[in-house]
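J.: I have a structure I would like to understand better, so I am pasting it below and will then ask my questions one at a time.
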Amino acid sequence: MKRIILSALCVVPAFCMGQTLLYNDGAMVKVQAGATLFVEGGIHNTASGTIDNDGTIELEGDFLNQGTWEPSDPNTLIFSGNADSDVTAGSAVFQTVSIEKDNNAHVNLLGDMTVNTNLDFNAAGTSKIYTGNFRLKIGNTGTATGYDVNEYVVTDGTGEMEKKVNADGTFFFPIGDPTNYSPIENDYTGSGYASAYIRTRVNDVVHPDNPADATEYITRYWDVTSSGITDYENTLEGTYIPADIVLNGGNSGHIKGAVYDGADWTYAGADAGTNLVMGSTDVEDAEFTGANFFARPDLMVFLAGPYKTATHNMTTVLNTSNLIPLESPYTDAPVTVGSIPADVTDWIKIELRDPASPTTIISHTSAFLKKDGNIVDLDGTSLPLVKNGKPTSIVGIMHRNHLFIRTPNTGIDMVNTSLYDFSSAQNMAYDDASVTTNDAMNEMSDGAFAMWAGNARSNNNTALKQIRFAGLFNDPAEVLSAIGGNTATILSNVYHNADVNLDAKVRFAGLFNDTGVILATLGGNTANIWTHHQ
C-alpha cells in the first residue's frame, strides 16, 4: 500500500525532531512549477517512493532519499530552520539548492550530493555545508553563489567539493575548514573532456612533505584532483588566513604557490598576493600550498682572470692549494661547507632580480664555479639552489674581483630550466646603454666571453662597479696595498681580492702580475674606466 505520512511522531528514529516528517512510502509526490511544499521537519523518500519537484521544496529537518527523485525540470530545494539537516541524497540529482539556515545551523552530508544548476548560500548568519567523508558535486554548467567567510563548504573528513567540467573555464571553490574560509580558484584548460571533473579539499595543516629548506610557508594546503581532461593545465589561486603564516627570518612576500606531485615540488606560475598563493600544474593529482620559491638555474660563465684559452677552462690553483675558504666570501649570502669540491675555481654569487623592476634584488645565494664554467651547488654536482625568486627572474652573477653581469630584462625561466651560457655570446649579458666605454663581457681570443677581471677593490661600494687604473679607488693601488707598498714584493699562497688572475699570488710587477691583468682589461690605456652593466 502506498503511503504519504505527515507525522509529528517518531516514524523513523533518525528523524525524531518533534516536527513534521514527510514519509513517502511508494507514492508519487508532485510539486507543480511555481508551487512550494514546506516541510517543518524532514523528508524520507523510501525505496519505492518518487518525488517529482518542478517547484520548490523547503524543509527544516533531515533529508533521506532511498527512492526516485525526478531531476529533469528546474526545481529548488531549500534547507531552512535553526537546526542542522543531515542529507542522504541517494541517487537524487538536485537542480538548485539554497542554504537558508539561521542560528548557526548547518547541512551535513551523509552521502554524495549532486547540484546540477546552482548552489546558493543565502543564510542570515553562519551556515555551512559539511562534506564529512563524501563529495558535494556541481554539474557541468552549475554555479555556486552567495558564499562568504561565514557561508561555504567545509571539506572535513575525507570529503571534497567536485566540479564537473566539459570545456575550458574557471571555477571558484568556496571551501574551508570548520573555522576558516580558504577558497581556491581553478582556471583550467584542455584539448578534450570526457566525463571530466576537478575536485578540491583544504587541509588545515602544514603539508607533510613541506620543502626541507622552506623557512617561510603556510600551515594549509589544498588537494586538487582532476580526471578526464586531455592536455590538462590548471592555474590555481588559493586564499589562506594570516594565522597560517610561518616566518623564520623572512617575510610573507616570500610565500608563493608550490605544487607537490607526490614526489617533487614544482613552481610553475608561482606568485603571491595578500593572503594569496598562485601557481599552475598539469598534474592530475596535485597538492598545492604556499612556501618559499626554489629555483635551480643551469648557468655557465667564465672569469677572464683565471681563464686559459688553450684549454678553454679556468685554473683551479686556489683549490689545489687549499686556499678557497670553507665559508663563502659573500657575507650577504652566508654559506659554510665541510670541503671544497674538486675542479672548483672559486666561490660565485648568484642573485635573482624581478623583471618588473630590474634593479630590485629579490634573493641571492653562494655557489661554486667549476673550471669548465658550470655553476654548481655546494655538493659540487647539483644545479645551485636559489630561494625566493620568481618563475621568470633576471639572473645576476657576481665575483669578488670581476665585474658583475646579468641576463637581459626579460629574465629567464626558473622553473623549466635549460642551460644559460653567458660565455656563448655578448648578448647573453645585459647591455646597459648608459655604459658606452665597454661591453658587458670581455671577448677572449678563442671567441668565448668572460667577466671582466681586475675589480680588486670590490669591497668598496663605489669601486664595486668599476675597474680603473688611475684616480680615486683605482685597482692597482689595492694590489700595492696588499703587498705593503713594495712593488717588488710577492704575496704567495693567498686568497685575496687583489689576486685578480686567481693564481694564489698578489704581485705588482714581473711575470703574471695582477697590475698587468688590470691594464690588459682596460685595453692598455691607463685612462680607461670599465663599468659594470647594471
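J.: Is it the case that the stretch 494-502 has a residue that's farther than 14 Å from His402 by Cβ and acidic (Asp, Glu)?
T.: No: the stretch 494-502 contains no residue that is farther than 14 Å from His402 by Cβ and acidic (Asp, Glu).
J.: Further, regarding this structure: Would you mind listing the strands (runs of 3 or more DSSP E) fully within the stretch 181-245 where at least 1 residues are more than 14 Å from the chain's Cα centre (by Cα) and of a type in the set (Phe, Trp, Tyr)? Explain how you work it out, then say what you get.
T.: Numbers: elements: 184-189, 192-203, 217-230, 233-239.
Those strands (runs of 3 or more DSSP E) span 184-189, 192-203.
J.: Turning to a different aspect of this structure: So which residues in the stretch 355-369 are in contact (Cβ under 8 Å) with a residue 40 or more places away in the chain and either surrounded by 17 or more Cβ atoms within 10 Å (Cβ to Cβ) or in a loop (DSSP other than H, G, I, E, B) (or both)?
T.: Once the filter is applied, which keeps residues that are in contact (Cβ under 8 Å) with a residue 40 or more places away in the chain and either surrounded by 17 or more Cβ atoms within 10 Å (Cβ to Cβ) or in a loop (DSSP other than H, G, I, E, B) (or both), the stretch 355-369 yields Pro355, Pro358, Leu369.
J.: Would you be able to say whether some residue in the stretch 140-154 is of a type in the set (D, E, K, R), open to solvent by 40 Å² or more (accessible area, probe 1.4 Å), part of a loop (DSSP other than H, G, I, E, B) and more than 17 Å from Leu77 (Cβ to Cβ)?
T.: So in the stretch 140-154, the residues of a type in the set (D, E, K, R) come out as 148, 151.
Filter again for open to solvent by 40 Å² or more (accessible area, probe 1.4 Å), leaving 148.
So of that shortlist, the ones also part of a loop (DSSP other than H, G, I, E, B) come out as none.
Checked the stretch 140-154: no residue is of a type in the set (D, E, K, R), open to solvent by 40 Å² or more (accessible area, probe 1.4 Å), part of a loop (DSSP other than H, G, I, E, B) and more than 17 Å from Leu77 (Cβ to Cβ).
J.: Out of all the residues in the stretch 28-46, which are farther than 21 Å from Asp84 by Cα and aliphatic (A, V, I, L, M)?
T.: Listed by number, the residues that qualify are Met28, Val29, Val31, Ala33, Ala35.
J.: While we're on this one: What number goes with the only condition from (1) without any contact (Cβ under 8 Å) to a residue 60 or more places away in the chain; (2) in contact with a Ser or Thr (Cβ under 6 Å, 6 or more places away or on another chain) that Val224 does not pass?
T.: Of the numbered conditions (1) without any contact (Cβ under 8 Å) to a residue 60 or more places away in the chain; (2) in contact with a Ser or Thr (Cβ under 6 Å, 6 or more places away or on another chain), the odd one out for Val224 is (1).
J.: Just give me the residues in the stretch 462-491 being part of a helix (DSSP H, G or I), under 45 Å from the mean Cα position of the chain (by Cα) and more than 11 Å from Asp514 (Cα to Cα), in sequence order.
T.: The first filter runs over the stretch 462-491 and keeps only residues part of a helix (DSSP H, G or I), leaving 463-465, 475-482.
Then drop every residue that is not under 45 Å from the mean Cα position of the chain (by Cα), which leaves 463-465, 475, 478.
Within the stretch 462-491, Ala463, Leu464, Lys465 meet the criteria.
J.: Continuing with the same structure: Limited to the stretch 247-296, what total is found for residues that are closer than 20 Å to Pro183 by Cβ, among the aliphatic types (A, V, I, L, M) and open to solvent by less than 10 Å² (accessible area, probe 1.4 Å)?
T.: The total comes to 7.
J.: Can I ask one more? For Ala509, only one of the following conditions fails: (1) touching a Lys or Arg at 6+ places or on another chain (Cβ under 9 Å); (2) over 30 Å from Pro408 (Cβ atoms). What is its number?
T.: Single failed check for Ala509: (1).
J.: List pairs: first in the stretch 475-500 and closer than 12 Å to Leu318 by Cβ and hydroxyl-bearing (Ser, Thr, Tyr), second surrounded by fewer than 19 Cβ atoms within 10 Å (Cβ to Cβ) and at pLDDT 95 or above, Cβ under 6 Å, 6+ apart or cross-chain?
T.: Tyr495/Leu323
J.: Considering Phe94, Phe121, which residue is surrounded by 23 or more Cβ atoms within 10 Å (Cβ to Cβ), of a type in the set (A, V, I, L, M, F, W, C) and free of Cβ contacts under 8 Å to residues at least 60 places away in the same chain?
T.: On the way: Phe121 fails: surrounded by 23 or more Cβ atoms within 10 Å (Cβ to Cβ).
Matching residue, one of Phe94, Phe121: Phe94.
J.: Among the listed residues Asn108, Asn103, which satisfies the condition of being free of Cβ contacts under 8 Å to residues at least 60 places away in the same chain, under 19 Å from Gln66 (Cβ atoms) and either open to solvent by less than 40 Å² (accessible area, probe 1.4 Å) or not β-branched (Val, Ile, Thr) (or both)?
T.: Numbers: Asn103 fails: under 19 Å from Gln66 (Cβ atoms).
One residue alone meets the criteria, Asn108.
J.: Within the stretch 373-392, is even one residue among the small types (Gly, Ala, Ser), assigned to a strand (DSSP E or B), at pLDDT below 95 and farther than 24 Å from Val435 by Cβ? Steps first, answer last, please.
T.: If we filter the stretch 373-392 for residues that are among the small types (Gly, Ala, Ser), which is where we start, we get 373, 380, 382, 389.
Applying the additional criterion that residues be assigned to a strand (DSSP E or B) yields none.
So far as the stretch 373-392 goes, no, none of its residues is among the small types (Gly, Ala, Ser), assigned to a strand (DSSP E or B), at pLDDT below 95 and farther than 24 Å from Val435 by Cβ.
J.: While we're looking at this one, here's another question. Quick one: count up the residues across the stretch 257-277 that are of a type in the set (A, V, I, L, M), in a strand (DSSP E or B), in contact (Cβ under 8 Å) with a residue 24 or more places away in the chain and under 18 Å from Leu352 (Cβ atoms). Break it down stepwise before answering.
T.: Restricting attention to the stretch 257-277, the residues satisfying the condition of being of a type in the set (A, V, I, L, M) are 258-259, 263, 268, 270, 272, 276-277.
Checking which are in a strand (DSSP E or B) leaves us with 258-259, 272, 276-277.
If we keep only those that are in contact (Cβ under 8 Å) with a residue 24 or more places away in the chain as well, we get 258-259, 276-277.
When the remaining residues are screened for being under 18 Å from Leu352 (Cβ atoms), the result is 258.
Looking only at that region, the number is 1.
J.: Quick check on my filter: what residues within the stretch 511-527 are under 17 Å from Glu478 (Cα atoms) and either crowded, with 21+ Cβ neighbours inside 10 Å or in contact with a helix residue (DSSP H, G or I) (Cβ under 9 Å, 6 or more places away or on another chain) (or both)?
T.: Answer for the stretch 511-527, where residues must be under 17 Å from Glu478 (Cα atoms) and either crowded, with 21+ Cβ neighbours inside 10 Å or in contact with a helix residue (DSSP H, G or I) (Cβ under 9 Å, 6 or more places away or on another chain) (or both): Asn513, Asp514, Thr515, Val517, Ile518, Leu519, Thr521, Leu522, Thr526.
J.: Which of the residues spanning the stretch 288-299 are assigned to a strand (DSSP E or B) and more than 11 Å from the chain's Cα centre (by Cα)? Outline the logic, then answer.
T.: Going residue by residue through the stretch 288-299, those that are assigned to a strand (DSSP E or B) are 288-292, 294-295, 299.
Residue satisfying the conditions is Leu299 alone.
J.: Right, next: Considering only the stretch 265-315, how many residues are out of contact with any strand residue (DSSP E or B) (no Cβ under 9 Å at 6 or more places or on another chain) and either of a type in the set (Lys, Arg) or over 22 Å from Leu383 (Cβ atoms) (or both)?
T.: Final tally of qualifying residues: 4.
J.: Let me ask something additional. Hey, Pro334 hits all of (1) open to solvent by 10 Å² or more (accessible area, probe 1.4 Å); (2) over 21 Å from Asn455 (Cα atoms); (3) not in a loop (DSSP other than H, G, I, E, B) but one; which does it fall short on?
T.: Unmet condition: (3).
J.: Name the single residue, out of those in the stretch 392-422 being among the small types (Gly, Ala, Ser) and open to solvent by 10 Å² or more (accessible area, probe 1.4 Å), that is farthest from Leu299 (Cα to Cα).
T.: Going through the qualifying residues, I end up with Gly411.
J.: Of all residues being part of a loop (DSSP other than H, G, I, E, B) and of a type in the set (Val, Ile, Thr) in the stretch 492-534, which is farthest from Phe302 (Cα to Cα)? Just the residue, please. So that I can check it myself, show each step before the final result.
T.: Residues of the stretch 492-534 that are part of a loop (DSSP other than H, G, I, E, B), as a first pass: 493-504, 508-513, 522-528, 532-534.
Remaining after also requiring of a type in the set (Val, Ile, Thr): 494, 500, 526.
Values: Val494: 21, Val500: 13, Thr526: 24 Å.
Result: Thr526.
J.: Check Gly81, Gly67 and return the single one that is touching a Gly at 6+ places or on another chain (Cβ under 6 Å), without any contact (Cβ under 8 Å) to a residue 60 or more places away in the chain and open to solvent by less than 40 Å² (accessible area, probe 1.4 Å).
T.: Working: Gly81 fails: touching a Gly at 6+ places or on another chain (Cβ under 6 Å).
It is Gly67.
The values are calculated or read from the model by the stated rules, or taken from the named source; none is laboratory data. Everything quoted here is computed from the prediction, not taken from an experiment. Note that each Cβ is placed from the backbone with ideal geometry, even for glycine, and that neighbours are counted across all protein chains shown. Remember, those area values only see protein heavy atoms, side chains included, never the ligands or the DNA or RNA. Shrake-Rupley method; radii C 1.70, N 1.55, O 1.52, S 1.80 Å.
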